[in-house]
Amino acid sequence: MFKRIVLIAAALSCVRLLAIAAPAHQTENVVLITLDGLRWQEVFMGMEEQLATREYGVWDTNRLRSWFWRETTEERRQALMPFLWKTIGKRGQLYGNGNKGSVSIVTNGKNFTYPGFNEIFTGSPDDRIDKNEKRYNSNVSVLEWLHRKPAFAGRVVGFANWAVHPYVLNTQRSGIPVWSGFDTNFPGEPGSRLELIQQLQKDTIQIWYEMTFDSFYFHAANEYMRDKQPRLVWLALSETDEWGHGGNYEHYLQAANNSDRYIGKLWDTVQSIAAYKDKTTFIITCDHGRGSGAEWKHHGAGVAGAEKTWLAVIGPDTRPLGERTNIAQVTHSQIAATLAALLGEDYHSAVPKSGPPIQDLLPVGTAK
């Protein structure tokens, strides 16, 4: 009898030790931020000197160099994206530096926007998606899958700077509010700051056919999160891709720098609100890469290297491993399941064709 009591006590002691060893899951909210077509080269190496010429839209090279050129790679990338490197580089994780044995890719083979976002949101490529067109996605995204659950119903939103983005999430079927500034099911409440931002966007000259300036979407997301405190937010910034296609390297770098600043401000907002502070994870990535050298302006199936991307994550459940080196390849097909797992949900089991979660981004001891 005494022996049995000792064994039971030992077993209970082990359970207590395991509970102490495995910290409780803390993420209750996720902010997914996408920077359309921002190359991994700038993220990890900063300004590329050979592209800072008049041929690529730089009229004052001295000014641009004063902003973003530094002697070392580490200094250049920090000058371009200070929040990414001073905060996430120390307290989160970054994937995709191909020069250091860390590769992040899209697997859809198309290497352009709609297929890229479909892969991010559903966890698998779809060969039927072969155009950037306003066609409602027949696939159910991880955002819609979560939105159907009582804990997330009415608490999933998108602020997305591209007219096609509401179609990617199939707002018609999903009911997820997505403000794109074009076809939208997300009008601001009369008299609200969100309505004012939306009106300013309408009153600004449109220089691109299906998008506008990222600043409107950052401010809209920031205001809405302060006011409504949704649990899952998608902020899609797009200027990097448009300036890239236009061959303007100066504005491309400025857009990347602005995006980093917006992310930092949004992080400050999150840390100032009790419902979000130390309970929110940011996932930051792009939808495709771009070419190298003169091909930096382009992407697509025929552009070498356009499948290469990057990924950054910071939050209470992600260990501060910084820039990852010499590790297994990660893919954008893993983002959907990773996002869900950070919220305590098993998307990969529900949708087996999706990529599995990236285990290093999850709490220690999370089941595979």
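Annotations for the structure displayed:
- Count of region 45-78 residues which are over 20 Å from Arg261 (Cα atoms), out of contact with any Ser or Thr (no Cβ under 6 Å at 6 or more places or on another chain), assigned to a loop (DSSP other than H, G, I, E, B) and among the hydrophobic types (A, V, I, L, M, F, W, C): 2
- Here Asp183 passes the criteria (1) crowded, with 18+ Cβ neighbours inside 10 Å; (2) more than 26 Å from Ala341 (Cα to Cα); (3) free of Cβ contacts under 8 Å to residues at least 60 places away in the same chain except the one numbered (1).
- Set Leu266, Leu311, Leu342, Leu361: member being touching a residue at least 60 places away in the same chain (Cβ under 8 Å), touching a strand residue (DSSP E or B) at 6+ places or on another chain (Cβ under 6 Å) and closer than 21 Å to Gln78 by Cβ: Leu311
- Matching residues in region 348-368 - criterion: being surrounded by fewer than 21 Cβ atoms within 10 Å (Cβ to Cβ), modelled with pLDDT of 95 or more and of a type in the set (Ser, Thr, Tyr): Ser349
- For region 110-125, the set of residues classified as of a type outside the set (A, V, I, L, M) and under 23 Å from Met211 (Cβ atoms) consists of Lys110, Asn111, Phe112, Thr113, Tyr114, Pro115, Gly116, Phe117, Asn118, Glu119, Phe121, Thr122, listed by residue number.
- Residue among Ile176, Ile205, Ile197 that alone is touching an Asp or Glu at 6+ places or on another chain (Cβ under 8 Å), outside any helix (DSSP H, G or I) and either without any contact (Cβ under 8 Å) to a residue 40 or more places away in the chain or farther than 27 Å from Ala336 by Cβ (or both): Ile176
- Scope region 158-173; condition crowded, with 22+ Cβ neighbours inside 10 Å and without any contact (Cβ under 8 Å) to a residue 40 or more places away in the chain; matching residues: Pro166, Thr171
- Residue list for region 309-331, filter: touching a Gly at 6+ places or on another chain (Cβ under 7 Å), surrounded by 21 or more Cβ atoms within 10 Å (Cβ to Cβ) and not small (Gly, Ala, Ser): Thr309, Trp310, Leu311, Val313, Ile314, Thr318, Thr331
- Taking each residue of region 61-72 that is polar (S, T, N, Q) and looking for partners that are loosely packed, with under 15 Cβ neighbours inside 10 Å with beta-carbon atoms closer than 9 Å, six or more apart or interchain, yields Thr61/Thr53; Thr61/Arg54.
- Filtered residues of region 273-287 (kept if closer than 21 Å to Gly116 by Cβ and either in contact with a Cys (Cβ under 7 Å, 6 or more places away or on another chain) or part of a loop (DSSP other than H, G, I, E, B) (or both)): Cys286, Asp287
- Filter pass, Arg77 being surrounded by fewer than 17 Cβ atoms within 10 Å (Cβ to Cβ) and over 16 Å from the mean Cα position of the chain (by Cα): no
- Scanning region 110-168 for residues that are farther than 20 Å from Thr240 by Cα and of a type in the set (Gly, Ala, Ser) turns up Gly123, Ser124, Ser138, Ser141, Ala151, Ala153, Gly154.
- Any hit, region 345-359, residues being farther than 28 Å from Pro115 by Cβ and in a loop (DSSP other than H, G, I, E, B): no
- Annotation: Ala294 fulfils all but one of (1) at negative phi; (2) at pLDDT 95 or above; the unmet one is (2).
- Residues of region 251-306 classified as buried (at least 23 other Cβ atoms within 10 Å of the Cβ) and of a type in the set (Gly, Ala, Ser), total: 5
- Failed item in (1) within 22 Å of Leu38 (Cβ to Cβ); (2) more than 18 Å from the chain's Cα centre (by Cα), with Ile263 passing the rest: (2)
The values are calculated or read from the model by the stated rules, or taken from the named source; none is laboratory data. Predicted model only: the values in this text are computed from it and were never measured. Virtual Cβ from ideal backbone geometry, glycine too; neighbours counted across all protein chains shown.
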